[in-house]
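The values are calculated or read from the model by the stated rules, or taken from the named source; none is laboratory data. Predicted model only: the values in this text are computed from it and were never measured. Cβ placement follows ideal geometry from the backbone for every residue including glycine, while neighbour counts extend to all protein chains displayed. Areas reflect the complete protein model, heavy atoms only, side chains present, ligands, DNA and RNA absent. Shrake-Rupley method; radii C 1.70, N 1.55, O 1.52, S 1.80 Å.
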There are 4 protein chains.
Amino acid sequence: MRPDKLDRTDPAGAIAAAAQRCSNWGRWGADDVLGTLNFLDEAKRREGAALVRRGVSFSLAQPFDMDGPQKGWRRRTNPVHTMLDTGTDAERGGQGFPHGFGGADDVVFMPLQASTQWDGLGHVFDHGMAWNGRRAGAVVTAAGDRVTGIETAAASIVGRGVLLDVGRAMGTDGELSDGFAITVEHLEATIAAQGESARVGRGDLVCVRTGRLSRARREGWGDYAGGDSPGLSFTTADWLHDTEIAGIATDTWGFEVRPNEFDDAFQPLHQVCIPHMGLFIGEMWDFDALAADCAADGVWDFFLCAAPLPVTGAVGAPVNPIAVK
Amino acid sequence: MRPDKLDRTDPAGAIAAAAQRCSNWGRWGADDVLGTLNFLDEAKRREGAALVRRGVSFSLAQPFDMDGPQKGWRRRTNPVHTMLDTGTDAERGGQGFPHGFGGADDVVFMPLQASTQWDGLGHVFDHGMAWNGRRAGAVVTAAGDRVTGIETAAASIVGRGVLLDVGRAMGTDGELSDGFAITVEHLEATIAAQGESARVGRGDLVCVRTGRLSRARREGWGDYAGGDSPGLSFTTADWLHDTEIAGIATDTWGFEVRPNEFDDAFQPLHQVCIPHMGLFIGEMWDFDALAADCAADGVWDFFLCAAPLPVTGAVGAPVNPIAVK
Amino acid sequence: MRPDKLDRTDPAGAIAAAAQRCSNWGRWGADDVLGTLNFLDEAKRREGAALVRRGVSFSLAQPFDMDGPQKGWRRRTNPVHTMLDTGTDAERGGQGFPHGFGGADDVVFMPLQASTQWDGLGHVFDHGMAWNGRRAGAVVTAAGDRVTGIETAAASIVGRGVLLDVGRAMGTDGELSDGFAITVEHLEATIAAQGESARVGRGDLVCVRTGRLSRARREGWGDYAGGDSPGLSFTTADWLHDTEIAGIATDTWGFEVRPNEFDDAFQPLHQVCIPHMGLFIGEMWDFDALAADCAADGVWDFFLCAAPLPVTGAVGAPVNPIAVK
Amino acid sequence: MRPDKLDRTDPAGAIAAAAQRCSNWGRWGADDVLGTLNFLDEAKRREGAALVRRGVSFSLAQPFDMDGPQKGWRRRTNPVHTMLDTGTDAERGGQGFPHGFGGADDVVFMPLQASTQWDGLGHVFDHGMAWNGRRAGAVVTAAGDRVTGIETAAASIVGRGVLLDVGRAMGTDGELSDGFAITVEHLEATIAAQGESARVGRGDLVCVRTGRLSRARREGWGDYAGGDSPGLSFTTADWLHDTEIAGIATDTWGFEVRPNEFDDAFQPLHQVCIPHMGLFIGEMWDFDALAADCAADGVWDFFLCAAPLPVTGAVGAPVNPIAVK
């Protein structure tokens, strides 16, 4: 579907239709908690490992600190890191340890989606229903996600990564403008421009660079968290489903184009992808260093290890994704 | 040195002597922040990736939740995970989103060394001095570690891992008893017993399984956090230095044998390894599933990606280490 | 009703009957959020102020720190206090302020019922119903208590306090044993023993000392938080209702006697008092210094200011209650 | 001293001179931890209690929630309140309690100076020296304030409050403009205008309303936290000292006028008042409802109970101050 065919007045109808076309409910059994990670099999991990040619590694994480983009929306703050013991104290003496031992220790308070993260399958619901046809209230209570908590995916997310630098291929000076809706055509054109190493298929972990983070880095966060942004068009739902990718991540706050493509809407593509497709979505990743390297050597795929921090029952999780080429 | 040669009354003397023998200060320049991670080069990462033969992956992380071992020592609690939005609320309606969208969101408060973690180079000091000869108070203030914060190692810790299952090789029913001091002899004997794939050398990430976690899993945490435990003997300092390993992790709370091998001491091996050697030490890792697999196929090395969560300025960091065979 | 008349096998029946007898639903209108605080009027505040004869003040708060009794039940930890800036850093220099200015700053993470606190009216429900006949889910979501949040009582809880030292009057060495159920007879006998200044009536804030905290202070916390304890008998429900007191607090974790007086029960008196009666219940208060003073001068009533920290939407709140005699 | 006599280029000199004139070091002995609270004696508490004529009470606290003014300066966030259990969950069932019991519970993470608060005596230092001549690093480490922690003042801060509505007396529409420096002349003129009930003397708790909060309430927070503001002039130091007040609070973020009255300065009056004078300073209080009442009845003094939450070792503390008239 093309964006210009969307009925801007009917997000609910569009969501329902896409959900029906793209549903994976029951595909991996009634008890499934992994969704599209089922596509990421051992063969794919071997394929990923074989992509390590030079041994260079990249962290795709943004910093986790108070200088992040969060401004308090729905109580999301930036991570607050405080010390339990410091080097200043150790140097001054008085920590109470013997033989000159000194220590520093620390603590963090952070929303699990404050910075670079994976959305878990319990993060978004459609009309009260969660992934695989479960009732939302049977999955995520105040005690956390007791079914699809991110710990269930602790060991899974390692395989072949592919960077689609749509910002570089389709944008201006490497960046897409805010409100730019990335369509299937843009994705396919980027793949074609980047060549064979950028092919996307079953079990891959797709990284989409829009350039939005590069802009925030240059101009300040502004409304990076929740404001206007390039991102995937609602119309990519079928492509995301049909390619059978294991996961997809962007360098933006919210994965989808913002403003969303309906008159009154909030993240409609999430509403299809997470509860119906079981797709793992990553947000706020940093692809800039990797993208520069890929552009330089013309190789766009790599071994990607993006294991979420396994906070039991989490509906999202911070991650330090590592790409190795 | 053999443990029975240690002068139990003089930890300060033993530490000073070992520090002198094992110091890496200045080895990588005055500005170095990576310590032994300098040994982990691109060749080593290629070697690690080549170990992926089957594509099976293991998470070496313990769960991050309130059921952990922490009991409040130096204000270390277990991770507290709370919800900002729930599925119950979404199912009931009233979250304020359009077109049936529902969401769950969450937050965590946790000491950075509450569960599976890396000690950063700012974690331990010797007489007020930090890694590479810096004054502790010039490195770690209440604002965090401004020099060797864990973010400096965000991309580095990926390479060849080697599991030394000392519990299986030297213990009873796969476990070493509390107070068992693992010596160089035990390490070498384990390597010999496990064979060629267990060789340890420059740039490797060494995983030492004692069985202590298996015991806690079976019997309850008890004093897992800070109490008696098997662990490395103080006398392994030179081996840790001379092998030029990049890092080492155990399945125990504190890496070293406890009680420590001096009459009045606190983690003396840390005091040599972190500030003087610049060694990365991992604690509270879970090797049980990996160890079973290694015992079954006789292959003890693997690709290991153990990228810390890059909390800016952290002196330690939670990690979800992934081993791929 | 006497405790020996309770049918231990039917808590639900007893609760339903007591709830019917003691309900205040609608008494102050459909929109009421204050419950029994409606009894605490301006005349009562004048009466309280008139009790200030010497000008001596007592804090009835326990310390808020890591040495508290919490052990993690339902994710309740002790308060964790960490520093954002320290005197050590200020003394060493480098905080970045001009003209010799130095500062210290701090942060706390704490369950709102970790230490001395008031239960808000959104803290407990009966069969999904909250105070004044509202549905629990319409009152308290993951966004907090949007109706009866503790901030609605921010200015109210100041008036006449009365200490009933049941431990001293009925116990051994000033303490009631664990499992001791305080009945109406015990309360009335204590009042009689203490004299006129101990009378209890409409709008009063009643403080019941059991001695449980004194014991914990002497012997260690043990199972202070949630374990066996003296406390109010379920059979006091009607007295609590008929006296028209504004609030009641104890020096125990849970106000009620524990084990509870039914075979399979959890805090049945709460289930009557909070949702049906709208009664404000305080827990973990420290009456020891005040009690010693009252015993010495024979005056058991005082001005009490027990204003909760007005965390918006809180279902409980920490408080530093101040008694002035 | 008049503000126009200040040498804007020499804050250090002005601070040193004022510190010498206004020092209370040693006044209450070498071990003192209460500073000016020593002025607040039992007679003053009786005087305060006698001011309760009508029995009406006012909370002077701002809300503690995410809608506050904090923007992250020095890691100060707004309070983050999250739920451990909710009414939605209780209504749906599944909390695991018997006989229809349901519960809600909650937790807060907050900087202790996020909202209405007292500065403790360990909050500010002068050239590395804390209150009463102690070295800052001997008082406040990463373990908190081990000497003058706010818990030492837990029972003290209750007595006679006096509201000086400088905004109403000297401002426009009840508000002083940002940058307005309140001098001794303004304070005295306000007292004179308000009459006998506004007299200020030894042991009083002085409340200064500037109208800054009223403006923020009307126009949005803007830079309320740390930006331009009316406030006390540096030149009031001697008045604050000579009046022998026990404490003083304002409706602003930082008590002092901002920008400060020197070319390059940060809160110079704090640097005199806290470490040298031992003065308790309150910030971010809300006087608007109380001020309206005082203006209506012409009575400006009242019983004030402003007991800080006794977080052990805190250098500042949240408070819900209660004024009773």
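Of the residues making up segment D:201-232, those that are in contact with a helix residue (DSSP H, G or I) (Cβ under 9 Å, 6 or more places away or on another chain), farther than 26 Å from D:ASP41 by Cβ and among the hydrophobic types (A, V, I, L, M, F, W, C) are D:LEU213, D:ALA225.
If we scan segment B:44-53, do we find a residue that is open to solvent by 30 Å² or more (accessible area, probe 1.4 Å), modelled with pLDDT of 95 or more and within 23 Å of the chain's Cα centre (by Cα)? Taking every residue of segment B:44-53 in turn, at least one turns out to be open to solvent by 30 Å² or more (accessible area, probe 1.4 Å), modelled with pLDDT of 95 or more and within 23 Å of the chain's Cα centre (by Cα). Filtered by the rule that a residue be of a type in the set (A, V, I, L, M, F, W, C), under 24 Å from C:LEU51 (Cβ atoms) and either within 7 Å of chain C (Cβ to nearest Cβ) or in contact with a Pro (Cβ under 7 Å, 6 or more places away or on another chain) (or both), segment D:311-325 gives D:VAL319, D:ILE322, D:VAL324.
Against the definition (within 11 Å of chain C (Cβ to nearest Cβ) and hydroxyl-bearing (Ser, Thr, Tyr)), how does D:THR250 come out, yes or no? Here the answer is no, as D:THR250 does not meet what is asked. Taken over segment D:182-237, residues that are β-branched (Val, Ile, Thr), under 29 Å from D:ALA49 (Cβ atoms) and not in a strand (DSSP E or B) amount to 5. If you check A:ARG258 against the conditions, is it assigned by TED's automatic domain parsing to the domain that holds A:ASP165 and either more than 27 Å from A:ALA296 (Cβ to Cβ) or surrounded by 21 or more Cβ atoms within 10 Å (Cβ to Cβ) (or both)? Answer is yes for this residue. Inside segment C:146-157, residues that are at the interface with chain D (Cβ under 9 Å from one of its Cβ atoms) and in a loop (DSSP other than H, G, I, E, B) make up a count of 4. Note on segment A:1-15: among residues that are of a type in the set (A, V, I, L, M) and not in a helix (DSSP H, G or I), the one that is nearest to the other protein chains (Cβ to nearest Cβ) is A:LEU6.
Annotation: of all residues in segment A:105-145 being at the interface with chain B (Cβ under 7 Å from one of its Cβ atoms) and part of a loop (DSSP other than H, G, I, E, B), the one that is nearest to the chain's Cα centre (by Cα) is A:GLN113. For segment D:197-224, residues that are basic (Lys, Arg) and touching a Pro at 6+ places or on another chain (Cβ under 6 Å) total 1.
Among the residues examined, B:THR172 qualifies as of a type in the set (Val, Ile, Thr), surrounded by fewer than 19 Cβ atoms within 10 Å (Cβ to Cβ) and on the phi < 0 side of the Ramachandran plot. Apart from one condition, B:ALA18 fits all of (1) open to solvent by 10 Å² or more (accessible area, probe 1.4 Å); (2) more than 7 Å from every other protein chain (Cβ to nearest Cβ); (3) not in a loop (DSSP other than H, G, I, E, B); the exception is (1). Just one of (1) open to solvent by less than 10 Å² (accessible area, probe 1.4 Å); (2) without any contact (Cβ under 8 Å) to a residue 40 or more places away in the chain; (3) touching a Ser or Thr at 6+ places or on another chain (Cβ under 6 Å) fails for A:ARG92. It is (1).
Restricting attention to segment B:33-41, does a residue exist that is of a type in the set (Val, Ile, Thr) and either more than 25 Å from B:ASP238 (Cα to Cα) or at pLDDT below 95 (or both)?
So far as segment B:33-41 goes, no, none of its residues is of a type in the set (Val, Ile, Thr) and either more than 25 Å from B:ASP238 (Cα to Cα) or at pLDDT below 95 (or both).
Within segment C:142-167, being hydroxyl-bearing (Ser, Thr, Tyr) and either free of Cβ contacts under 8 Å to residues at least 60 places away in the same chain or crowded, with 24+ Cβ neighbours inside 10 Å (or both) holds for one residue alone: C:THR148.
Within segment B:207-229, being in contact with a Gly (Cβ under 7 Å, 6 or more places away or on another chain), closer than 17 Å to B:ILE281 by Cα and not small (Gly, Ala, Ser) holds for B:CYS207, B:ARG209, B:THR210.
For segment D:286-320, a residue qualifies if it is closer than 17 Å to D:LEU34 by Cα and assigned to a strand (DSSP E or B), and the qualifying residues are D:CYS305, D:VAL311, D:GLY316, D:ALA317.
Of the residues in segment A:228-238, none is at pLDDT 95 or above, β-branched (Val, Ile, Thr) and surrounded by fewer than 20 Cβ atoms within 10 Å (Cβ to Cβ). The number of residues in segment B:240-253 being open to solvent by 20 Å² or more (accessible area, probe 1.4 Å) and among the hydrophobic types (A, V, I, L, M, F, W, C) comes to 1.
Of everything listed in (1) within 11 Å of chain C (Cβ to nearest Cβ); (2) in contact with a Gly (Cβ under 9 Å, 6 or more places away or on another chain); (3) open to solvent by 10 Å² or more (accessible area, probe 1.4 Å), the single unmet condition for D:PRO308 is (3). Candidates D:ARG74, D:ARG45: the one that is part of a helix (DSSP H, G or I), within 7 Å of chain C (Cβ to nearest Cβ) and touching a Ser or Thr at 6+ places or on another chain (Cβ under 7 Å) is D:ARG45.
Answer yes if at least one residue in segment C:269-290 is assigned by TED's automatic domain parsing to the domain that holds C:ARG168, free of Cβ contacts under 8 Å to residues at least 24 places away in the same chain and surrounded by fewer than 24 Cβ atoms within 10 Å (Cβ to Cβ), and no otherwise. No, because not a single residue in segment C:269-290 is assigned by TED's automatic domain parsing to the domain that holds C:ARG168, free of Cβ contacts under 8 Å to residues at least 24 places away in the same chain and surrounded by fewer than 24 Cβ atoms within 10 Å (Cβ to Cβ). Restricting to segment D:291-305, name every residue that is closer than 18 Å to D:LYS44 by Cα, more than 13 Å from chain C (Cβ to nearest Cβ) and either buried (at least 24 other Cβ atoms within 10 Å of the Cβ) or in contact with a Cys (Cβ under 6 Å, 6 or more places away or on another chain) (or both). Selection gives D:TRP300, D:ASP301. Checking the stated criteria, B:GLY313 turns out not to satisfy the condition of being at positive phi, open to solvent by 10 Å² or more (accessible area, probe 1.4 Å) and in contact (Cβ under 8 Å) with a residue 24 or more places away in the chain. Within segment A:182-192, can you find the residues that are open to solvent by 20 Å² or more (accessible area, probe 1.4 Å) and more than 20 Å from A:ALA323 (Cβ to Cβ)? Once the filter is applied, which keeps residues that are open to solvent by 20 Å² or more (accessible area, probe 1.4 Å) and more than 20 Å from A:ALA323 (Cβ to Cβ), segment A:182-192 yields A:VAL184, A:GLU185, A:HIS186, A:GLU188, A:ALA189, A:ALA192. Checking C:ASP67, C:ASP32, C:ASP41 one by one, the residue that is free of Cβ contacts under 8 Å to residues at least 12 places away in the same chain and either within 22 Å of C:ALA130 (Cα to Cα) or open to solvent by 60 Å² or more (accessible area, probe 1.4 Å) (or both) is C:ASP67 and no other. Look at segment C:1-25: where a residue is farther than 20 Å from C:ILE182 by Cβ and touching a residue at least 12 places away in the same chain (Cβ under 8 Å) and a partner is of a type outside the set (A, V, I, L, M) and open to solvent by 60 Å² or more (accessible area, probe 1.4 Å), sitting 6+ places away or on another chain with Cβ atoms under 8 Å, you get C:THR9/C:ASP263.
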